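Take a look at the structure below.
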Amino acid sequence: PSSSIPPSCLLMVAFPTPIGRADRDGTLPLSFAQQRLWFMAEYEQGSAGNNSGLSLRLTGALDVAAFRAALDAVVARHEALRTTFDAVDGRVVQIVHPVLEVPVEQAELPAGEDADTFLRARLLTPFDLRKGPLLRVLLLRLGADRHALLLSMHHIVSDGRSLDVLTGELATCYAAELDGFEPSLPPLPVQYADFAAWQRDRLADDTGPGEGLAYWKERLAGLEPLELPCDRPRPSVRTGTGAVHTFAVPAATATGLARLGREHGASLFMLLTAATQLLLGRWSGQRDVALGTVTAGRDRPELEDLVGFFVHTLVLRADVDGAATVGDFLAATRTTVLEAFDHQEVPFDRVVDAVAPERDPGRMPLVQAMVVLQGAGPVA
């Protein structure tokens, strides 16, 4: 009997709250991340700033009917691809449609036009979150047995991992259609609406899960905006315009960085974070430097192969002390990164509300610069 077990031998194991099936008879809430994107879309009408996608080159005979059937199978499998959004009785809700046809547009590349330019223009076509669908598919014929496949999605229903899932399942279903077999895909234990309802229930109180929100309130108290020197006045309202600058890191430098990280027990991400904060601290003249980064938000196995928007932002704050040694600064960065990821369950929107920084429509709250380390693969 349990009464005979000495107190010192008792072991309590805490299991995470399971994600259950949300009631489909009532309204379905948005996740916290989706809610942020909804308000951004309402504020920036006609913006394509939260479009994501990828293009693939297809070589060989293309069976459009089989591709159409494969797409229908994937859309039927993932509720997020059949979801639209609207305000009902003053609340924003997601509406999961039992059936939602995603058209497959077929086009010829106009003579003399560059394929990448054509595809980029299509990718940047705004979505209507109320009307949908929030997935667009374009087959662009480039020549005999050559096509470009463009998959465009709004971030409110997708992220980088979702694009991997979508392309992988499309390939599986297309191959099955050609061979006349049922595609071999494991059943999905939950859908995105289930996750959103579970997240809302789990974070319904003001404290957040455990002490996570309290950690962020203390960690980010008094954080000032990053003031980088600019070559023109900062706009009063932040826009999505800008430029891209790319450069290659020499192999010798990359090897040296990896070695430095090993010597101090720091990962490559920690090392790049520390280097970026040192650089921004020098440019801005500030010791208090915060960087943002993103996490996949798929720490539960039932979410791994689900289409949906799970990524969220973490804030990495550093005291850039010019007198600190490299070892000391890397050790501090390592602690900051590990603690931040230990408290990643708190949505960024809840962190912003709790810290309550001064709002400025010309800046993102809490972080104005981000560092993201990505492996090779599709980029959202």
Antiparallel content of DSSP bridges confined to the chain, in %, to 5: 85 percent
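When the accessible area of the chain is split by element with a 1.4 Å probe, what percent falls to carbon and sulfur? Show your work: numbers first, answer last.
Values: 11720 of 21070 Å².
Answer for the chain: carbon and sulfur cover 56 percent of the accessible area.
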Gain on full stretching of the segment that runs from PHE341 to SER267 - 0.36 nm per residue minus C-alpha separation: 25.3 nm
Computed lengthening from THR295 to VAL372, 0.36 nm per intervening residue step minus Cα-Cα distance: 26.8 nm
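Ignoring ligands, DNA and RNA, what accessible area per residue does the chain give at 1.4 Å, in Å²? Each step should come with its number before you reach the end.
Details: 21070 Å² over 380 residues.
It amounts to 55 Å² per residue over the chain.
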Solvent exposure, largest accessible area first (probe 1.4 Å, DNA, RNA and ligands not counted), of ASP288, ASP159, ASP179, ASP89: ASP89, ASP179, ASP288, ASP159
Peptides 352-361, 312-321, 74-83 ordered by average Cβ neighbours within 10 Å, highest first: 74-83, 312-321, 352-361
Relative intensity, log₁₀ I(q)/I(0), of region 186-281 from a Debye sum that treats every alpha carbon as a point, q = 0.14, 0.23 Å⁻¹: -1.06, -1.14
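The values are calculated or read from the model by the stated rules, or taken from the named source; none is laboratory data. None of these values were measured; they are calculated from a predicted model. Because the Cβ atoms are built from the backbone with ideal geometry, glycine has one as well, and the counts that use them run over all protein chains shown. All accessible areas refer to the heavy atoms of the entire protein, side chains included, with ligands and DNA or RNA removed. Shrake-Rupley method; radii C 1.70, N 1.55, O 1.52, S 1.80 Å.
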